[in-house]
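Here is the structure we will look at, set down as structure tokens.
A short reminder: the numbers here are calculations on the coordinates, not readings from a lab. Just so it is clear, the model here is predicted, and its values are computed rather than measured. Note that we place each Cβ from the backbone using ideal geometry, even for glycine, and neighbour counts take in every protein chain shown.
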Amino acid sequence: MTDIAKRMNQLSEERSELYRQRANGSRGDANVLRRIREVGRELDGLWDERRRERIGRLEGIDLLVDRAYTRAYGENYDDAVAPPRDAASERETVTLAA
């Protein structure tokens, strides 16, 4: 089991415990609600990372190469191919045909 999967299991168990606390009288406890949201956000990120990790193994792409590409070119294709924006082009107005 990878470190990512282990952390996901830990957080899932913690979230289950927090839901039990919430159901047993801590319903309005701000700390419990805040932690549930934090755990949810962290799990979302870990799921994304886990998917990339598995895709890399299936397609033979090294996860380290994927991370380096993301750092260099951005999160998605549009970030990588978009021309740099300059202030002059932002002031231009374009008239669209009706």
*Once amide H atoms are placed 1.01 Å from N in the peptide plane, what residues at a sequence separation of 5 or more from G74, or on another chain, have their amide H within under 5 Å of its amide H?*
none
*May I ask you to order 10-17, 65-72 by the average number of other C-beta atoms within 10 Å around their residues, highest value first?*
10-17, 65-72
*Step through the residues of region 66-71 one at a time and calculate ³J(HN,Hα) from phi using the Karplus curve (6.51 cos²θ - 1.76 cosθ + 1.60, θ = phi - 60°), rounding each to whole Hz and writing x for Gly and Pro.*
4, 5, 5, 4, 4, 5
*Extended-chain gain in nm, criterion 0.36 nm per residue less alpha-carbon gap, R37 and E13*: 7.2 nm
